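Heads up, the thing below is written out as structure tokens.
The values are calculated or read from the model by the stated rules, or taken from the named source; none is laboratory data. All values reported here derive from a predicted model rather than from experimental measurement. Positions of Cβ are backbone-derived with ideal geometry, glycine not excepted, and every protein chain shown enters the neighbour counts. Only protein heavy atoms, including side chains, enter the accessible area calculation; ligands, DNA and RNA are left aside. Shrake-Rupley method; radii C 1.70, N 1.55, O 1.52, S 1.80 Å.
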Amino acid sequence: MISVSINGVVRQFDTPLNVVALLEQMQLGGKRIAVECNGEIIPRGQFDQHLLADGDRLEIVAAVGGG
Amino acid sequence: MNKDTLLIASKNYNSRLLLGTGKYKDFAETRAAVEASGAEIITIAIRRSNIGQNPNEPNLLDILPPSKYTLLPNTAGCYSADDAVRTLRLARELLDGHSLVKLEVLGDPQSLYPNVVETLAAAKTLVAEGFQVMVYTSDDPIIAKQLEDIGCVAIMPLASLIGSGMGILNPWNLQLIMERVQVPVIVDAGVGTASDAAIAMELGCDGVLMNTAIAAARQPVLMAGAMKQAVEAGRSAYLAGRMPKKLYSASPSSPTAGIIASTRS
């Protein structure tokens, strides 16, 4: 069991998972988003290799209207 | 005659009006206002995505595609250089390596006045990382010059506080900035109505960036068109060169010769 903070919300997962699987679970697969883990960008091309670890802090962002 | 274009980071733009995309009623109004404004550079904000709670949420990038507009991700809401830099790294990843960005580091949430110390620090880091930085700052000419020396590609001083609509409070400082800085100077924040935008352009500013003046108008799309015309008119007036002011002395527009004789003499 691992705990990961995603956009400030703590989620638990039974098995280790990569970023692709995480995004699929949140219905964000293929969406225009960017992901940061513990303050470092995870490039889109590395989503399938990057395994989440217990205690990771993720930020998943999108573009919104702003000035 | 060469076409009058706005050159930022080696790219030419026909429009000197840059538009923010916040505060509109919905995406349809956002798109209509952007189209009416003729703007080619559009600012966007970077915020936490929904994480499954709203899977069908529409995406701004579908409404304003990067293929059609130059998207300028901002750092609105950042109060430290670190947060601003992280935000723009995320933006670059989100926009497939796009490096033109708007840096703003705010000082406090009441005034939204720029924290120039943090802004200078963030600008240094971002330029070193290959970003092309358009920077929101105060109307301090010394800071403006320092930001140019760091390598920012446009200096964007406030006309007045963000979202205040108070217009250009210190045209003299804008002039001082333009005298010192070679890169484009774009008034960012504080414009309230079309005449404010025209005055900024008549002063010689290279462009105007606005959001609330359009989004908070009673009819945003109509105001977007008015701002387009104001920026164009102000630019043309600047290029045409205004007549010198003649204090306390009139000069008739009609010929002084050939006036019919008075019947009184």
Centre separation in Å (Cα based) which lies between segment B:70-128 and segment B:153-184:
18 Å
Rounded if a/c under 1.5, otherwise prolate or oblate - segment B:38-79, Cα gyration tensor axes
oblate
Have a look at the DSSP beta bridges in the protein assembly as shown and tell me what percent are antiparallel, nearest 5.
50 percent
Alpha carbons only, please: Rg and Dmax for segment B:121-265, in angstrom.
20.5, 83
Which value does Rg/Rh take for segment B:19-145 over its C-alpha atoms, Rh per Kirkwood?
0.98
In 10 Å bins starting at 0, how do the alpha-carbon pair distances of chain B split up by percent?
7, 29, 34, 17, 6, 4, 2, 1, 0, 0
Using helices alone, I'd like the mean residue ellipticity at 222 nm for chain B: each DSSP H run of four-plus residues gives -39500 (n - 2.57), total over residue count, nearest 500.
-11000 deg cm²/dmol
Assigning unit charges at the beta carbon (Lys, Arg +1; Asp, Glu -1) and nothing else, what dipole magnitude in debye, to the nearest 20, does the protein assembly as shown show about its Cα centre?
1340 debye
In sequence order, what are the phi-derived ³J(HN,Hα) couplings for segment A:36-43 according to the Karplus relation 6.51 cos²θ - 1.76 cosθ + 1.60 with θ = phi - 60°, rounded to whole Hz, with x for glycine and proline?
10, 10, 6, x, 10, 5, 9, x
For A:ILE42, enumerate residues with amide H under 5 Å from its amide H, sequence gap 5+ or separate chain, H modeled in the peptide plane.
A:VAL35, A:GLU36, A:CYS37
Treating the beta-carbon of each Lys and Arg as +1 and of each Asp and Glu as -1, no other charges, what is the dipole magnitude of segment B:1-77 about its Cα centre, to the nearest 20 debye?
180 debye
Sorting B:SER253, B:THR193, B:ALA230 by the position of each Cα along the dipole of segment B:159-265 (Lys, Arg +1; Asp, Glu -1; all at Cβ), the one nearest the positive end of that ordering is B:SER253
Under the Karplus curve 6.51 cos²θ - 1.76 cosθ + 1.60, θ = phi - 60°, whole-Hz ³J(HN,Hα) for segment B:12-18, x wherever Gly or Pro sits
8, 10, 7, 8, 9, 9, 10
Angstrom value of the Kirkwood radius, inverse mean 1/r, which spans all Cα pairs in the protein assembly as shown
21.6 Å
Using only the alpha carbons of segment B:80-191, what is the convex hull's orientation-averaged projected area in square nanometres?
6.5 nm²
Enter the buried accessible area of the A/B pair, total of both sides, probe 1.4 Å, in Å² rounded to the nearest 100.
2500 Å²
Rule-of-thumb Rg ratio for segment A:2-62 [Cα; 2.2 N^0.38 Å; N residues]
0.99
